[in-house]
Amino acid sequence: PKRSAEICEKIFNNAIANGVGKSDGALYGAYVAGLCHAGDVMRAWAAFRRMRERVPISEQSAEPFNALLFLVSRQKHWSHTLRSPRVWALWSELIRSGVDPDAESYEALALHCSTRGEAERCFGLLDEMKTFNCRPTSRFFSLLLRSVSRTPQFVPENAQMLRQALEQMQAAEVLPDAGVFAAAIHAAGACGDVAAAEAIYGAASLYGVK
């Protein structure tokens, strides 16, 4: 990962030195995303700030925001009190910036919610997505279901949220994939609902998912 970040930074600096894309949103977006994929939080954050200062807002996209949101959400060695404020501060900056979030932006938030078991907050994202005409994906629902399985509440409430998540997915006409079925079965198990787990397993075979 360190070597990948160094290569990414070298390519970007060479482009800038040659007068290529000093305020190019696509170049900066790829630069930030590359550092995020390399897992270098410090370099990625510095590159993101550089982009925000130098690139006109009209040329900025959701890509670097998304990449950084995913990266911060995956920092499991950070405490929740360190990670969560950074995720939501970055999200607030995205909304205030005038750059419209996309489906991947909400997947990144759903990932964060799933690690914290914040199912209710994750459900709230579904309504917010409508504001930006974002269609939820199977990956989003998979993460939503994982947040349900990790919610430290009473079992009946979790079982209700499981049904609600599946109903919302059906209403959104999202085709479930292997990730959704696995997360749904896990959520049913966490709720202690054996019948639901068996029904979900049976439904998976109807969709050709093994």
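Please compute the modelled spin-label separation between Glu157 and Arg54, points set 7 Å along Cα→Cβ, answer in nm with one decimal.
4.8
So which residue, out of Asn18, Asn133, Asn158, gets the largest mean-square fluctuation from a GNM of the chain using Cα contacts under 10 Å as springs?
Answer for the Gaussian network model of the chain: Asn18.
Which of Leu27, Leu143, Leu71 moves the most in a Gaussian network model of the chain with Cα springs under 10 Å?
Leu27
In terms of Cα to Cα distance under 15 Å, which aspartates and glutamates are near enough to Lys130, apart from those fewer than 8 places away along the same chain?
Cross-link targets: Asp100, Asp102, Glu104, Glu107, Glu173.
Quick check: net charge around Arg121, other residues with Cβ under 14 Å of its Cβ, Lys/Arg +1 and Asp/Glu -1?
-1
Which value in deg cm²/dmol, rounded to the nearest 500, describes the helix-derived mean residue ellipticity at 222 nm for the chain, given -39,500 (n - 2.57) per DSSP H run of n ≥ 4 and division by the residue count?
The per-residue figure over the chain is -24000 deg cm²/dmol.
Tell me the relative contact order for the range 114-210 as a rounded percent, counting alpha carbon contacts under 8 Å between residues six or more apart.
29
Accessible area of the chain with a 1.4 Å probe: how many percent of it is carbon plus sulfur?
Summing carbon and sulfur atoms, their accessible area is 54 percent of the total for the chain.
Only Cα pairs under 8 Å and at least 6 apart count here; give the relative contact order of the chain as a rounded whole percent.
The value is 13 percent.
Between Met42 and Asn14, what length comes free when the chain is fully extended (0.36 nm per residue of separation minus the Cα-Cα distance, one decimal in nm)?
In short, 8.1 nm is gained.
Quick one: angle between helix 80-97 and the longest Cα principal axis of the chain, in degrees between 0 and 90, rounded to 10, please.
That helix lies at roughly 70 degrees to the long axis.
Multiply the residue gap between Ala195 and His80 by 0.36 nm, knock off their C-alpha separation, and tell me the result in nm, one decimal place.
38.0 nm
Could you identify which residue out of Gly179, Gly124, Gly29 has the top mean-square fluctuation in a GNM of the chain using Cα springs shorter than 10 Å?
In the Gaussian network model the winner is Gly124.
In the chain, what cysteines have no partner Cβ closer than 4.7 Å?
Within the chain, the cysteines lacking a partner Cβ under 4.7 Å are Cys8, Cys36, Cys134, Cys191.
Cut-off under 15 Å on the C-alpha distance; same-chain residues fewer than 8 positions from Lys10 excluded. Which aspartates and glutamates are left, in chain and number order?
Leaving aside aspartates and glutamates fewer than 8 places away in the same chain, those within reach of Lys10 are Asp40.
Which log10 I(q)/I(0) values does the range 113-154 give at q = 0.19, 0.28 Å⁻¹ under the Debye formula, counting every alpha carbon as one identical point scatterer?
-0.52, -0.92
Can you run the Rg to Rh ratio on the chain? Use alpha carbon positions and the Kirkwood inverse-distance Rh.
1.04
What's the center-to-center distance, using Cα atoms, between the range 174-210 and the range 74-129 in Å?
25
The values are calculated or read from the model by the stated rules, or taken from the named source; none is laboratory data. From a predicted model like this one, the values you see are computed outputs, not experimental measurements. Positions of Cβ are generated from backbone atoms using ideal geometry, with glycine treated the same way; all protein chains shown enter the neighbour counts. We work out accessible area using only protein heavy atoms, side chains counted, and drop any ligands, DNA or RNA first. Shrake-Rupley method; radii C 1.70, N 1.55, O 1.52, S 1.80 Å.
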